[in-house]
Structure formats: structure tokens, C-alpha cells
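The values are calculated or read from the model by the stated rules, or taken from the named source; none is laboratory data. Being a predicted model, the structure only gives us computed values, none of them experimental. Positions of Cβ are generated from backbone atoms using ideal geometry, with glycine treated the same way; all protein chains shown enter the neighbour counts.
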Amino acid sequence: MLELHQFRHSPYCLKVRMALAAKKLEYTTVEITPAIGQIDIFQKTGQRKLPVLFDNEITIHNSSSIIRHLEKIQIDPKLIPDNPKERSQAQIIENWADTTLSKSIKIVFLEEIMKSPAMISSLLPNEISDSIQKFIVNMPLKIGSQISGLINQKEKESLKLNLDYLTNLVEKENFLVGKELSIADLSVASHLSLLSFPKSSGEALQGKGCSIFINDPSLKNLFEWRDSIEDKLIKTNQKESY
């Protein structure tokens, strides 16, 4: 049995869950408490970052490595295209989404949390005590002066430009590379979750995110594309369960 250790709202963990759903693989999840739970993961695997996937005696960390492992144990549907050109394109987009896009979105998301730190409570597991929640909720206000220099208009403009490019792509084609779902789609879609939380985030977070982008009508089709990918995967799994 596959066992995914995760932070539920981490884009990288969402990326893996979407890959597992696409391949219709059965798995269980173990929600890790930030900081405290990571100590146990480090003792078991030597890794502090999530996701971590346990496949019997095999342990895989890093979302990209996990998906490549899933490609081996469940060949179809392929998330890494066979066509050499499309495979290269998909992997380039995956790397860009997991680095450049992710960094820009995190900076903007952090600014949003600084405006509404209560949102952090919805991001944390229920098991965390009230005292720890209050401490973490207050952290953005304490470090705001240090971070403010990172958040600037140029960063937002650069992100908006990239989101416009992505919107243009998905308006013309259902998928970013080729005619089938690939790691390119999963990577981009998962990171967009911090800009606009999807249904899988739960009622407390669904529809919330970064207001400057959620309320931008020019990005409406991009977020609908993001949601449609996860909706299709969920519906596919629901059909299989009956």
C-alpha cells in the first residue's frame, strides 16, 4: 500500500495526489504537523521536506521523483509523454512551475497572509494546539518588516505576465503539452492552488487565496482550467468506486 506523508495544502503534495488520482492508485495519507511532525519524518527518512511517499520498503521524497516512481509502477496513463519533444517540454514546464512560478506565488501569498493572518488557522491541522496556532498566526506580523522588501510591484507584474501567458495557452488547448494530461498540467495547476484554493482544500479555504488575482477577470479561464483538471480526476475516481 502506498502511504503519502504530506501537508494537505502544500502545492507539491497536491501535485502528487493529482498524479495518484490520474493513475487511479489506492493510497493512504498521513497528515504531518508542521515542525513537530517533521522531526519524525527526518528520523525515518533523513528528509525534512514533504511530500514523502512510502511504497512498502521503498521511500521516495520530492514530488518529481515520486511521480517518476508512479510512472514505473503504473504505466498508464502516462504523465511523462513518450514523444521526445513533448517529454522535454513537459519536464521544462514542470521545473519552471516548481521553481520560478512557485517562488513568485509564495511571495504574493505571504503578502496576503500578512493582510489576513487568521487564514493561517485554516491551513493548519486541527491537531495543533490553540497556543501553537496563536503563535504561528502572529508570526507574519512579527516578520512583516523583514519580508516587505521582497514583496514589490515588479514581482506582481512578472507573475501577472506569466499568468496571462498561461491563460492564453489554456484558452487555446486543454493541455499545456500535447493532447493528454501530463506533469506540466499537474505542476502548474497545483501551484495555482495558493492563488485560488480549490474544492479539495475544504470549505474553510475554497475560493480564498490572493484577492488581487482571484478578482482579476482576465484570469478567470485559468482558474477554471485549474479546477476542471482536479474535478475530472475526482469524478473519474468516484465512478471507479461504485
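Worth a mention:
- Residues within region 126-184 that are β-branched (Val, Ile, Thr), at pLDDT below 95 and farther than 25 Å from Thr33 by Cβ, tallied: 1
Residues are listed down the side, and each one gets a yes or a no for (1) of a type in the set (Gly, Ala, Ser); (2) free of Cβ contacts under 8 Å to residues at least 24 places away in the same chain; (3) under 20 Å from Glu180 (Cα atoms):
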site	(1), (2), (3)
Ser193	yes, no, no
Ser200	yes, no, no
Leu205	no, no, no
Asn215	no, yes, no
Ser218	yes, no, no
Asn221	no, no, yes
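- Pairs linking a residue in region 172-187 that is more than 9 Å from Ile93 (Cα to Cα) to a residue that is part of a loop (DSSP other than H, G, I, E, B) and aromatic (Phe, Trp, Tyr), with Cβ atoms under 8 Å and 6 or more positions apart or on different chains, are Leu181/Phe175; Ser182/Phe175.
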